[in-house]
Every structure is written in C-alpha cells, then in structure tokens.
Amino acid sequence: MFKHILLPTDGSDTAMRAVSRGVELAAQLGAQVTVMTALEHFPAGIMGSGYRPQEGEEEEPGMQMALDRLALAEEVARKAGIRHQRLLIRDRPVYVAIVEAAQASGADLIVMGTRGLGLMERLFIGSQTQRVLAHTHIPVLTLH
C-alpha cells in the first residue's frame, strides 16, 4: 500500500505523537520514512521558531531547535528499526515545505498532527495541516 511516509514535526506533543504513529504504520507496511522539519524565515519574535538570518552569523536562531526536533523524530524511527532519512527545509512557508518535501522524497503518505506550536499563525492564517490538505494530492493522515 504505502511505501514511503513523510513525517513532518515541529516538536509539539501532537506532532511527536504523529511521528510515533507514522513509524508504527511504516513498521506494519514495511515502508520507509522521511522525518522533516521546516525553519521558516520571518522576523524574530513574531511567530513560533522562525529565524532571521544575520550576515556572517554561523548559526541561525532556531536552527538548534530544528535539529533537536529532527533528532527526536529520528530516534523514534531508529528504535523501531525503520529505514529513515531526515530533511530540514529553510526559508519556505511551512506548508509549502511539507508539500514539496513529500513530492521530492517520493512520499505516498503524509502523517501529521492537527495542532502544532504555531498558535499565532493559526489565529491569523489557519493551521499548517489545513494548508497542506488544501495544497497536496498526496493522502494525509491527520492525528489529534
């Protein structure tokens, strides 16, 4: 059925539950997974874990948190013995990064949580999950 599952995460409890369930599904199906996170560019302090690049700056704010999120998701896949890869996408709106990552990786299923860390963004423009659902033809399994 599904051979490659994309597991986007923002590190929230809901996203990590979706990662766990996605890995369980991959184990049952013999599928591989791609764990991914996005680091969106926007002015610091406005929303979530975005960053503002500084000229000559070695490490962007938010980068270590993004790498930590990926490491947590990878650990879930590693413990289950699931073949996986990781992907960090920068400078793209989160929903665009998820849709493009699914297409580029050849994912045939996206498993994601319905609520993440972006409260301010949900208030102004809607959830990332809603936007992914509206912009992809790849099946999306959403979890609360």
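The values are calculated or read from the model by the stated rules, or taken from the named source; none is laboratory data. Model, not experiment: these values are computed from the prediction. Glycine gets a Cβ as well: all are built from the backbone with ideal geometry, and neighbour counts include every protein chain shown.
Annotation for the range 1-13: at least one member residue is at pLDDT below 90 and hydrophobic (A, V, I, L, M, F, W, C). Take the residues in the range 46-69 that are modelled with pLDDT of 90 or more, more than 14 Å from P8 (Cβ to Cβ) and in contact with a Gly (Cβ under 8 Å, 6 or more places away or on another chain), then tell me which one is surrounded by the fewest Cβ atoms within 10 Å (Cβ to Cβ). Result: D68.
Annotation note: Cβ proximity below 9 Å between a residue of the range 77-89 that is surrounded by fewer than 16 Cβ atoms within 10 Å (Cβ to Cβ) and a residue that is part of a loop (DSSP other than H, G, I, E, B) and among the small types (G, A, S) (sequence gap 6+ or interchain) occurs for R83/A31.
The set of residues in the range 61-76 that are under 16 Å from A18 (Cβ atoms) and touching a residue at least 12 places away in the same chain (Cβ under 8 Å) comprises R69, L70, L72, A73, E74, V76. Number of residues in the range 61-102 that are part of a helix (DSSP H, G or I), under 19 Å from L39 (Cβ atoms) and not hydroxyl-bearing (S, T, Y): the value is 20.
Working carefully through the options L72, L109, find the one that is hydrophobic (A, V, I, L, M, F, W, C), surrounded by fewer than 21 Cβ atoms within 10 Å (Cβ to Cβ) and modelled with pLDDT of 95 or more. Explain how you work it out, then say what you get.
Numbers: L109 fails: surrounded by fewer than 21 Cβ atoms within 10 Å (Cβ to Cβ).
From the options L72, L109, the qualifying one is L72.
Scan the range 17-32 residue by residue and report those that are assigned to a loop (DSSP other than H, G, I, E, B) and either touching a helix residue (DSSP H, G or I) at 6+ places or on another chain (Cβ under 9 Å) or modelled with pLDDT under 95 (or both). Answer for the range 17-32, where residues must be assigned to a loop (DSSP other than H, G, I, E, B) and either touching a helix residue (DSSP H, G or I) at 6+ places or on another chain (Cβ under 9 Å) or modelled with pLDDT under 95 (or both): just A31.
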